[in-house]
Amino acid sequence: QVQLVESGGGLVQAGGSLRLSCAASGSISIIATMGWYRQAPGKQRDLVAIITSGGITNYADSVKGRYTISRDNAKNTVHLQMNSLKPEDTAVYYCNAAVGPFQYWGQGTQVTVSS
């Protein structure tokens, strides 16, 4: 089993910044990809950003240029720096890790952006 613990969510005004962090622990051999997804009320869970063990990144078009994902392989942590936040970024953000054929999810952290 792999446990993912997120931190860093909260309430921020539009134009502000937040930094999310996720730490993985447990039966970890190699985490191929770590990333963040988000789910707004009444909507599906969507990809925000992912990063491979080699540092290759992929972002949703809606966050390109505003969000930056980074990863510390030695510590099995992933971070999401979110700048120029907009009200439409409001959602529960979930950390994700791929370990072999398995996908693991964190419990989610709320990000609320006020206008």
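Throughout, read-outs are computed from the coordinates displayed, never taken from laboratory work. No experiment lies behind these values; they were computed from the predicted model shown. All Cβ positions, even for glycine, are placed from backbone atoms using ideal geometry, and neighbour counts span all protein chains on display.
Points worth noting:
- Segment 29-56 versus segment 59-97: alpha-carbon centroid distance in Å: 8 Å
- Scalar couplings 3J(HN,Hα) for segment 74-82, obtained by applying the Karplus form with A = 6.51, B = -1.76, C = 1.60 to θ = phi - 60°, are 5, 9, 6, 10, 9, 10, 10, 8, 10 Hz; x denotes Gly and Pro.
- A DSSP coil position with no more than 16 other Cβ atoms inside 10 Å describes the following trypsin sites (Lys or Arg not before Pro) in segment 19-81: 43, 45, 64, 66, 75.
- Dipole check for the chain: with +1 at the C-beta of Lys and Arg, -1 at the C-beta of Asp and Glu, and the Cα centre as origin, the magnitude is about 60 Debye.
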